[in-house]
Structure formats: structure tokens, C-alpha cells
Amino acid sequence: MSLPSIPPAQLPHPDDLLVLLAVSRTGRFTTAAESLGLNHTTVSRRIAALEKTLGGRVLARTVGGWELTDLGRRAVHAAEGVEAAVALLNRQEEKADAISGVVRMSATDGFSAYIVAPAVAALQREHPRLSVEIVTVTRRALQHRSGLDIEVVVGEPQVHRAEAFQLGSYVLGMYASRDYLAARGTPATVKELVQHPLVYFVDSMLQVDDLDAPRRLVPSMRDGLSCTNVFVHVEATRAGAGIGFLPCFMADRHPDLVRLLPDDFAEELPYWMVLRPDSLRQPAVAAVAQALRRQTAAMQPTLLGQKPPSDG
């Protein structure tokens, strides 16, 4: 006796699944709509139709956008199969490259420039259809990371429903420009150091506790120039705005900067990578994550201030 078949009306429409897949990767209806060449209303209607067919919610609203529910994650898994099948059907003479599409990530300024950029550039030479979007920010890992496939943060993250891996470590030290030291004198002790202004992050806006070292180690050192961007820290220090607490892998690139009191100031901090479990199933995301691991490992001596950067 044959088993009863599922009525076609109860099966989700493949287009609805692909719309959900796009929303899961961007976290927003508007961005998903743009990537699909649709309008926001159509995306909303497709999601509503899918939820009616499946008999439950596939998305939940969060502060950062839309997150998948448990039902939504199962639906996205099916959608990835649809996407792979469509890619296979569309393949003509050229072999389909699974490492393609858009990978969205966030990372600190310095990590983005000196690790992400070269890692992605090398990966794109083998996979030209790969695109990577980077949001540069220094913050804790998000609890709701809608629209992000990868986060790179400073310090061990406390996250739920995510995979976290330590990539490596880097060291921060005190630096000043040669012209500044010639004019103001070179501090030989911590006591002398506190007589100089500090170039560092804006204390009231600093979201990462592990980056509070200057206020912890030299609390009486006054703020000279503060900024949320580490490249500004480097250039302000080079310009003589004060003594900067800088990542060695960035400061050591500049021969006009001198490291001060390395035995007293060598703050080692870890880089961690956070990924959503559903993102890990995407070949492009997995490839970018592996490329970041390789690049970080290759740069570890430089990150720890043990040797100058090779591109000087």
C-alpha cells in the first residue's frame, strides 16, 4: 500500500525559501530585497506566506534586525539545498564555485586593515565571485548578530547560539614620536610617563573592558587626544599629540615612533572570532574564517611586537 503524499499546497514555495535565506544573511528585509531585486513589501509577503505554509514563525525581531527561530533555521537549511540546486542548474561551461556570494563581518580597525584585507585579497584571487563586507568597530560580541556572518572581537566573548574561536593575540605598548621626545624629553620611568598626555580611546565610549589598560596601569595619566579609531591614535602620536598606547603591529610600521618602557607596558590581548552556526554551513563563510586563521597565525610574531612588519 502506498503512503499518502503531501498535498502540494502544504509544501513551501522554493522562492519563499530563498527569500528567507536572503533575510537570514542580512538580518533586514530592505537589504534582502535589494540583493534579490525585489521590494520590501514583496519580501514581507513571501515571509508571511512561508510562515503560513509551515505553520509557525520563521523570524523573530531583535534589536539588531531579524533572527531565525528554530523553525526558521530548519527552513534555511532546506533553502540552502534549493540554492545549491539552482546554482548547479545554472552552471554551464564554467564549474560552479561554492566559495562565492557575500560574506558580512565586523572587526576592529587594525585587524581589518592588516589581517582581513590581505587574507580576503588572497582568497579572492582563487575565488573571484567572493565578496566581503566589513564593518569596522571595537565592541563586545553581539548577542544578536543579524546580518553578520563573522565577528572578530578583542577579549573572550560571552555569547549564546554561536561558535567562538581564539585566533591569536596582539600586544599594545606605549609609543611617542622622535620629534615629540626631542622636544619634551624621554620618560625613563612610569612616574615620568604620567607627566605626558595620553593618546587613546574615548574612555566613556570604550565597550571592551580588556582595553582599559592605560587607565588601570597609569590612572593619573591625563587624556590628551581621544578617539574611537585606532588609526587616529597612531597618526596623532606621530604628529606629537602625546604618548600613544598603540598596537605594536601598527606602531612598529613607522620608524618615527619609539616604543617606551616595554618592560612596564606590554599588554597582551586575544582576538576571538565568533560565527553563527548557520553561517558555518556556508562554504564562503567557512573559507573566509579559515583564511583569517591562517593570516593571523602567519602574523603572530608581528602582532606580539617580536619583529617589525615585513612591508615596513
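Laboratory data are not the source of any read-out in this text; all were calculated from the coordinates shown. Nothing here was measured: the structure is a model prediction, and the numbers come from that model.
What is the distance in Å between the Cα centroid of the stretch 272-307 and that of the stretch 162-193?
25
For the stretch 173-312, take N as its residue count and report Rg(C-alpha) divided by 2.2 N^0.38 Å.
1.19
Please build a GNM for the chain, connecting alpha carbons under 10 Å apart, and tell me which residue among Arg25, Arg216, Arg129 fluctuates the most.
Result for the chain, Cα springs under 10 Å: Arg216 fluctuates most.
Based on the Kirkwood radius over alpha-carbon pairs, what value in µm²/s does the Stokes-Einstein equation return for the translational diffusion coefficient of the chain at 4 °C and 1.567 mPa s?
Answer from the Stokes-Einstein relation: 59 µm²/s.
What value, in deg cm²/dmol to 500, does the helix sum -39500 (n - 2.57) over DSSP H runs of n ≥ 4 give at 222 nm once divided by the residues of the chain?
So the helix-based figure for the chain works out to -11000 deg cm²/dmol.
Relative to the longest principal Cα axis of the chain, at what angle does helix 283-298 sit, 0 to 90 degrees, rounded to 10?
Helix 283-298 sits at roughly 20 degrees to that axis.
Step by step: find N for the stretch 9-90, compute 2.2 N^0.38 Å, then divide the Cα radius of gyration by it. What's the final number?
1.01
For the stretch 211-304, what's the relative contact order in percent, using C-alpha pairs closer than 8 Å and at least 6 residues apart?
23
Could you work out how far helix 40-54 tilts from the main Cα principal axis of the chain, as a 0 to 90 degree angle to the nearest 10?
It is inclined by approximately 60 degrees.
For the chain, what does the relative contact order come out to in percent, with C-alpha contacts under 8 Å and a separation of six or more?
So the answer I get is 21 percent.
Report, to the nearest 10°, how far helix 117-126 tilts away from the longest principal axis of the Cα atoms in the chain, using its own Cα long axis and a range of 0 to 90°.
On a 0 to 90 degree scale, this one is about 40.
Test of understanding: what is the full-extension gain from Leu304 to Asp264, defined as 0.36 nm times their sequence separation minus their Cα-Cα distance?
12.9 nm
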